[in-house]
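The values are calculated or read from the model by the stated rules, or taken from the named source; none is laboratory data. Quick caveat: nothing in here was measured; it's all calculated off a predicted structure. Here the Cβ positions follow ideal geometry from the backbone for every residue, glycine too, while neighbour counts run over all protein chains shown.
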Amino acid sequence: MQIISAEMSRMSCKHSMSISRTLVKFHRNMLKGFEFVENVIGDKTMKIGIVSKFGAPDGLCTRVNSVLTGLVNQGHEVHALTQSKQVDGIPVDQVHRYNAMWLNEHYSIDSFSSPRLIAQVCKKHDIDVLHIQMNSGTTEVFLPFYKHALPPIVVTFHLAYAAGRSLYTNVFAIAWKGSLFAAKKYDEIILVDPSQKSYFLDYNIPEAKLSVIRNGVDTVSFSPPIKKKDDGIIDFVYVGRLSLDKGTNILLDAFSQYHRENPDSKLTLIGDGIIKRRIDDATTDDSITWIGTIDHAKVPAILQNMDAFVIPQNIGGLGLSVMEAMSCGLPVITTAIGETVRLLGQDEGILVKPQNVPDVVDAMRVLGENKKLRHSMGDKCRQKVEEQYSWKNQINQIEQVYERAIARQKT
């Protein structure tokens, strides 16, 4: 297992900081005249601004949409500040857009005027707390430098920095380290994986500012089928980007080998990405089904008709797709990195080494040959998610972080 070192982090940040300081001077001139006046919250309902993309088919957007829905259900007024075209769940007059140049469906270079727009929205609507989602665009990197024009700032860092050997390790390292230098200016920081914490502590971020709030699951939508399938076919399923960092190449190689041994097996892939080019070469029959990107609401019905979930990712931690599969009662094959080591017990799934095709094949054999074991593991997965990872619990924790951020700014 490889962990991105603190020294590597510092080296990567130096270049980012020199560029960022120049842009900060530009933005500060634009924000002159916007001094934020804090509100006094008379009750527990808040006006919350969420800075994020919303429409991409990835875990960040799944989480942020769930948070938005949960906050609205709690009675809060939520405003979306975004480069995305559509945001569901709130009135259109609470959606405030800024321009962006999309590098792909996941990342964007945002308009230089976006901090000014966000400051204007916060002032006009008396926003109590601003919640930034890192990393989706460039805006969130610079916002902490304009605290004089903004309410208390909370940030969620979505990337988990424990990683196996991967071409993408350095790419993701650069992406998140470009924003890490600003972390000291946030009032509160939410991490989705405990393994992230050490990197912030290495940069002398006060531990009191760090909260770990793991991903949650809609356990009503993502629920087990009324009756488990029993058609003699072993169906494996994958949900996520078809990319090297998610280990889709490893999965295709492993399934190709397993399928030659066990022709009564199938693999369903949900998602899009560069590895889709390899799907046709993985097998010589129609045993692999590529569905592509679909509405998130359609995923549960597919999971409910599968036997096991496989995602041999090379970076990441507590993946939302893993938890959703567990909530549907599926045993999981995934990589022993980050928070998954703690999440997945021996009686709930199988952990494999990063970049290890034989390990994945062996895990497929174990689950494929033992229906009783599959069902037992799946039942335990469902129980764990229900008890520990429902969104209701996670939303309550996020509200507490908001309250601390507001109190921190007052002091």
Query - Of the criteria (1) within 30 Å of P206 (Cβ to Cβ); (2) surrounded by 23 or more Cβ atoms within 10 Å (Cβ to Cβ); (3) of a type outside the set (V, I, T), which one M364 fails - result: (1)
**Report entry** Residue that is nearest to D264 (Cα to Cα) [pool: residues in region 207-233 that are part of a loop (DSSP other than H, G, I, E, B) and among the β-branched types (V, I, T)]
**Finding:** I233
Query raised in the report: Tally time: how many residues in region 240-271 are touching a Lys or Arg at 6+ places or on another chain (Cβ under 9 Å), of a type in the set (S, T, Y) and in contact (Cβ under 8 Å) with a residue 60 or more places away in the chain?
Result: 1
Query - From the options L167, L150, L180, L103, residue that is at pLDDT 90 or above and over 17 Å from V64 (Cβ atoms) - result: L150
Query raised in the report: Since L242 meets every condition but one in (1) within 22 Å of the chain's Cα centre (by Cα); (2) not in a loop (DSSP other than H, G, I, E, B), which condition does it not meet?
Result: (2)
Report task. Might you check whether a residue that is assigned by TED's automatic domain parsing to the domain that holds K47, more than 23 Å from D218 (Cβ to Cβ) and basic (K, R) occurs anywhere in region 390-406? Result -> yes
Query raised in the report: Which of the residues belonging to region 191-243 are hydroxyl-bearing (S, T, Y) and either within 13 Å of M323 (Cα to Cα) or not assigned by TED's automatic domain parsing to the domain that holds V361 (or both)?
Result: S195, S198, Y199, Y203, S211, T219, S221, S223, Y238
Query raised in the report: Does region 94-131 hold any residues that are touching a strand residue (DSSP E or B) at 6+ places or on another chain (Cβ under 9 Å) and over 23 Å from H148 (Cβ atoms), and which are they?
Result: Q94, V95, R97, N99, A100, M101, W102, L103, S108, I109
**Report entry** Set L373, L344: member being over 17 Å from the mean Cα position of the chain (by Cα), within 26 Å of D230 (Cα to Cα) and surrounded by fewer than 17 Cβ atoms within 10 Å (Cβ to Cβ)
**Finding:** L373
Query raised in the report: When you scan region 113-158, how many residues do you find that are surrounded by fewer than 23 Cβ atoms within 10 Å (Cβ to Cβ) and either touching a Cys at 6+ places or on another chain (Cβ under 6 Å) or among the hydroxyl-bearing types (S, T, Y) (or both)?
Result: 3
Query raised in the report: So which residues in region 210-239 are within 21 Å of the chain's Cα centre (by Cα) and free of Cβ contacts under 8 Å to residues at least 60 places away in the same chain, if there are any at all?
Result: L210, V212, V220
Requested in this report: Could you look through region 87-112, keep only residues that are of a type in the set (S, T, N, Q) and surrounded by 15 or more Cβ atoms within 10 Å (Cβ to Cβ), and pick out the one that is nearest to the chain's Cα centre (by Cα)?
Outcome: S108
